[in-house]
1. For C:E106, which of the numbered conditions (1) out of contact with any Lys or Arg (no Cβ under 6 Å at 6 or more places or on another chain); (2) surrounded by fewer than 20 Cβ atoms within 10 Å (Cβ to Cβ); (3) farther than 30 Å from F:K81 by Cα fails to hold?
2. Limited to region E:58-87, what total is found for residues that are assigned to a helix (DSSP H, G or I), facing chain F (nearest Cβ under 9 Å) and either open to solvent by 30 Å² or more (accessible area, probe 1.4 Å) or within 17 Å of C:P68 (Cα to Cα) (or both)?
3. Say we look at region D:111-124 and pick out the residues that are under 17 Å from D:A62 (Cα atoms) and either part of a loop (DSSP other than H, G, I, E, B) or polar (S, T, N, Q) (or both); which of these is most open to solvent (accessible area, probe 1.4 Å)?
4. Identify the residue in region E:3-17 that is assigned to a loop (DSSP other than H, G, I, E, B), within 18 Å of the chain's Cα centre (by Cα) and touching a residue at least 24 places away in the same chain (Cβ under 8 Å) and, among all such residues, is surrounded by the fewest Cβ atoms within 10 Å (Cβ to Cβ).
5. What pairs come out if I take residues in region B:18-45 that are more than 10 Å from every other protein chain (Cβ to nearest Cβ) and among the hydroxyl-bearing types (S, T, Y) and pair them with residues that are in a strand (DSSP E or B) and open to solvent by less than 40 Å² (accessible area, probe 1.4 Å) whose C-beta lies under 6 Å away, six or more apart or interchain?
6. Quick one: B:L216 ticks every box in (1) over 16 Å from C:V192 (Cα atoms); (2) at the interface with another protein chain (Cβ under 10 Å from one of its Cβ atoms) bar one, so which box is it?
7. Please tell me if A:T132 is more than 11 Å from every other protein chain (Cβ to nearest Cβ), under 21 Å from A:V48 (Cα atoms) and not in a loop (DSSP other than H, G, I, E, B).
8. Condition test on C:S196, is it among the polar types (S, T, N, Q) and open to solvent by 50 Å² or more (accessible area, probe 1.4 Å)?
Number of protein chains: 6
Amino acid sequence: MRLDDRENREELRETVIETDYLKHPEGSVFIRVGDTKVICTASIEKRVPPFLRGQGKGWITAEYAMLPRATGERNIRESSKGKVSGRTMEIQRLIGRALRSVIDLEAFGERTVWVDCDVIQADGGTRTASITGAFVATVMAFSRLAQDVALKSFPIVDYLAAVSVGIDDKGEALLDLCYEEDSAAAVDFNVVMTGSGQFVEVQGTGEEATFSRDQLDEMLGLAEEGIQNLIGIQKQVLDDAGTTLPVTREGKT
Amino acid sequence: MRLDDRENREELRETVIETDYLKHPEGSVFIRVGDTKVICTASIEKRVPPFLRGQGKGWITAEYAMLPRATGERNIRESSKGKVSGRTMEIQRLIGRALRSVIDLEAFGERTVWVDCDVIQADGGTRTASITGAFVATVMAFSRLAQDVALKSFPIVDYLAAVSVGIDDKGEALLDLCYEEDSAAAVDFNVVMTGSGQFVEVQGTGEEATFSRDQLDEMLGLAEEGIQNLIGIQKQVLDDAGTTLPVTREGKT
Amino acid sequence: MRLDDRENREELRETVIETDYLKHPEGSVFIRVGDTKVICTASIEKRVPPFLRGQGKGWITAEYAMLPRATGERNIRESSKGKVSGRTMEIQRLIGRALRSVIDLEAFGERTVWVDCDVIQADGGTRTASITGAFVATVMAFSRLAQDVALKSFPIVDYLAAVSVGIDDKGEALLDLCYEEDSAAAVDFNVVMTGSGQFVEVQGTGEEATFSRDQLDEMLGLAEEGIQNLIGIQKQVLDDAGTTLPVTREGKT
Amino acid sequence: MRLDDRENREELRETVIETDYLKHPEGSVFIRVGDTKVICTASIEKRVPPFLRGQGKGWITAEYAMLPRATGERNIRESSKGKVSGRTMEIQRLIGRALRSVIDLEAFGERTVWVDCDVIQADGGTRTASITGAFVATVMAFSRLAQDVALKSFPIVDYLAAVSVGIDDKGEALLDLCYEEDSAAAVDFNVVMTGSGQFVEVQGTGEEATFSRDQLDEMLGLAEEGIQNLIGIQKQVLDDAGTTLPVTREGKT
Amino acid sequence: MRLDDRENREELRETVIETDYLKHPEGSVFIRVGDTKVICTASIEKRVPPFLRGQGKGWITAEYAMLPRATGERNIRESSKGKVSGRTMEIQRLIGRALRSVIDLEAFGERTVWVDCDVIQADGGTRTASITGAFVATVMAFSRLAQDVALKSFPIVDYLAAVSVGIDDKGEALLDLCYEEDSAAAVDFNVVMTGSGQFVEVQGTGEEATFSRDQLDEMLGLAEEGIQNLIGIQKQVLDDAGTTLPVTREGKT
Amino acid sequence: MRLDDRENREELRETVIETDYLKHPEGSVFIRVGDTKVICTASIEKRVPPFLRGQGKGWITAEYAMLPRATGERNIRESSKGKVSGRTMEIQRLIGRALRSVIDLEAFGERTVWVDCDVIQADGGTRTASITGAFVATVMAFSRLAQDVALKSFPIVDYLAAVSVGIDDKGEALLDLCYEEDSAAAVDFNVVMTGSGQFVEVQGTGEEATFSRDQLDEMLGLAEEGIQNLIGIQKQVLDDAGTTLPVTREGKT
């Protein structure tokens, strides 16, 4: 039995994705994974950063933040501190890299997609929920763009989702840790994969601990299964929103 | 006829306040005023800033922010810019002052109440919606505190709400402007009042314009009526949440 | 009797404006209101901010600061702190908005007017003295400009001055509060008006207090009278400096 | 054949560690891995950060930087930019976590170990060379400390080293990539392991690419072998310096 | 003939020092050297920086700034830029060191003297005018302190003044350069000396130029004479203000 | 006898300059002066700062930093503090000015030379060692440039080196102070001179002390002799590296 009453170590938390959550952004979703709640938006701007100008290709970048009271203790706003923390930077770089792995930057002209993931309530797994939700918001923004302008091809070439896995204090692997499990875990992994079963990111760390190759293999197995389930949910949500994603890639490297 | 289809210039937009919106904060509401949506939380911390230590009294302070895509165009995050804008500072100082006018800082010991107003979607009047919502979140946080510890008295001595008023391009006064009306208005006022009909803040400005004493009087009249209606909604919401606010003041100066 | 020995609550402090105080700026004044002393300069630069380029119109912006020892206790310099305080931002936004309300930005081509108000000594009312002085410095800078280049029309369309009003601890309204009165006052208003009797800004706040509609009306009455007296002084000073201001507006909205 | 003339894809670059490189720090090494050169120092300070005071345990933290011209193009100093980049933050957090996984913070009292890794010349793998070098500098600092004061036990419980692995454009795994290989690689992994063969960190990313489970397994195999070779070099260097590391752990989790 | 109509190369500009210029600071002067005008204040605070606490001695530190329009072109405020320039830092470090050379830090207990030099109008030699004026402001602040509390001894042990010297484009030495001379000069020296004829600071630089030993000797000779004249003015001013400086030192090293 | 066992007060410490120390920069040296060790690099970039564009001339600028543990106590990195200290700014401005005095900016087109001086180990005289080393690195960078492109003339017109001098506690002058001597000295001078015996910078300060004209003359004499010896070493090193510096100037002013 899990700390939040799930029955199995390979069970995902209830995951719900609500599309068109806000009226202004080109794409927006509200994703809930257990008690973790994130607003993900995708904004399309008709220009690229200076280093890309004149090359005819686009850019996608991500930002991540938490409301001060998304957590049990209030956090000082990063705007008040005047700088972004190392943790925030790591997460927004991760989200951006992950999305770029399934997006064809040549397909949508000199445009920038700004992805914003704002955590309203945190209960573990905020960065993986952000990736899973941001993917859907980005698909919706590109769908809207594709209705307005002619694109070379649909810019998204595969599905993408993410999940956390870990090792609990008995040495057993767990899928999709809630905050209480995460705090007790010795090892913490975040895995990002595509719909075609390829890995995009594997980030595992044993703060003040270590893990064996067998434990690593077990965690990766759980993550693969969990991510395919999350992609099933994404497909359903996009279907319901009338947005079909034409997957054009079997897996690239 | 108003730009957002309201029938009269003295009509408020539909205003809904949802309590206990988040699980972590001591008090939290989601307030919707037309298409303006704000999450307001009140967090109670068991200490005060250095300048107040040892005096046996508390403090209340407010912060305000917008999600980058709360608006039609994406705004750069203030955490990325490394500083808080003048507009944000003005607004958070306003919210803090307004709340302090109805709170007895001597009543709740050496505690700080952090009020956070995060605008999810903006359609005009975000600062006044923040005050109206923050008041309810603060009442709920103090109610919870009053259940846990013995307070000298309930710290909130009167109701408090805020609304915007303005002058349109025909020179007529309007209550509770939506974004489109606000953009077209020559004069923009924000008014904060208490349940006992006293003024707390009157901030009016005619950016590149001016206004007469008659117009000022007309706007104040609209504001007084609008605010009493908003306070009616607050009373109902607190009632539904089982929180009775014992108003102990008839109006102080 | 007032705390600084004035006889009536509607009496202004002695106000003196010295023109051409510095040799470098296009316009400069030293304004003294009681013991409050401010150097106001207006500098004209032959370019506009990026958002205005190519539109053929100008811009005016204001900055405000205090010498560290303008006050009873030394303040840390904002340059040393590395950021401008919320109070400073509020004041410089106020000064800029106020000046823009009587200036025709179309009249002086693609130029920026930088208004700098530096408080040498503070004794209450520094922001209103800054506006009253900055207006004169700006008139003088435009007069000099009008001698050098052909302008469509003289850019200043009306007089402009500002004053503070408040409510003392007996509930009575006072005009032009000195620091000691301001500290004791429950309510603090700043009012900006034009020569034609129109309001430009009304900013009133009852920090930890409130005020009635009657008190508000009484304060506005005092402010109207005080500002017309200040405008009389401005007219005399400009006259003595050989600068006639051709008022071209009866009051716009 | 490799781009830098190594013969096999499982071959490490020449790795040399020079101890006692500087006269002031408690521990210091100069590590060279191919053309990558890093100065690693360990400084022991007799106090801990506020959050640890009074608990009788120590802390270890790491900082990382590059000389402006460590690379082919000059980089602007982070001190001139006024902020540390996301990349730098990621790396110094990684180094700190890695070291903490083999250090018993209870063993050396209320002291902070500051580890500084300054890259003098970069040719790929600067973060992994930093970890491998920093480990030796830290051992030497603790050896010196152990001579001066009585410690509960020697604080370092296992060896620690790190290496990069990647997938080249033919889809083959490579060990210890030089800069030219790294630039051409589709996938980039950094692996940190202990002397007892446990994993500490696995960070792999396919910027604009993905990788299969088989490729992941192959990379991990190369990394395991490479790291054990690096640990052999560390043992020899410490032996030559007369510092024996009493490994007290078989592998914890 | 000099560029500003002085007759000789060894002639100082007219120098006037007005004492008690502001009402709040413990000591304040307005110093005018030709068209250079500086407000110098000395503020005494009853505490010292952390590194001096508990040692029974005091501290003196200086800050320097220019109004944005003290110069021909408007300068951006350092508070707006969010950082203090290298030039400003150099000057305030110079002023502080110079003052400390004639002040006995043991004589006035655990107090900090904050010296603020704010340039109202600049015409060359602002840093030397600041030192000459700051000395008088500091004497006056200590005189006031000596009236209020018992000091071990009067903290100022000698007079102190500063002047600039330079080499013009004909290779000749000039005393006390105005801005126009300074711009044309190849070499620029600032010299600080005491009443007893000792040197405190000699800072000479030939930006894009060099100078011979003979030229250096000639400049130092001019500076020595000029500074003794400035000290004569300081003595007169302090005498007029009823403040006698008991010089207790013949020259220390 | 000196504190570091030198026999005479006019004796330089052992000074060694190693050229081509790093592989990436256009010019790089490792300079050791006693136990002071500095890496100096010169990087040539094919553009100039905005204020020089289109004038056909180049620019040279310098930056200076210390590794955190170059000194006996660890210093916090300036990148972590988010700002560069006043001391660092002073030093890098000094290095830049000194180099510009012997460089013909018209000779190498619109290029910027970035000089970086990074102190690896500090034992007094880091700024003067930086200048002496930076000169050699800059010569080598220009030699390489002269091989690649046609220059109007070789940009360096004279040799340049720097040394410190001081007054010890017995009032005697000393050349080239080590850290221990510097800490004990009452007066501290840095002198920069050219190969033709002209002065470039003379910066002397008696922090909490003063010095006589005789002492000043004695220090300058020591510095002149020491600098000519350092220039002898530079000539030998450049000769060994096959780089002949065509001195084209006899001394300008």
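The values are calculated or read from the model by the stated rules, or taken from the named source; none is laboratory data. Note that the structure is predicted; figures quoted are calculated from it, not measured. FYI the Cβ positions are ideal-geometry reconstructions off the backbone, even for glycines, and counts take in every protein chain you see. Please note that ligands, DNA and RNA were not included when accessible areas were found on the heavy atoms of the full protein model with its side chains. Shrake-Rupley method; radii C 1.70, N 1.55, O 1.52, S 1.80 Å.
1. In the conditions (1) out of contact with any Lys or Arg (no Cβ under 6 Å at 6 or more places or on another chain); (2) surrounded by fewer than 20 Cβ atoms within 10 Å (Cβ to Cβ); (3) farther than 30 Å from F:K81 by Cα, C:E106 misses (1) alone.
2. Summing the residues that are assigned to a helix (DSSP H, G or I), facing chain F (nearest Cβ under 9 Å) and either open to solvent by 30 Å² or more (accessible area, probe 1.4 Å) or within 17 Å of C:P68 (Cα to Cα) (or both) in region E:58-87 gives 1.
3. Among residues in region D:111-124 that are under 17 Å from D:A62 (Cα atoms) and either part of a loop (DSSP other than H, G, I, E, B) or polar (S, T, N, Q) (or both), the one most open to solvent (accessible area, probe 1.4 Å) is D:R111.
4. E:L12
5. B:T19/B:V29
6. Here B:L216 meets the rest and fails (1).
7. no
8. In short, no.
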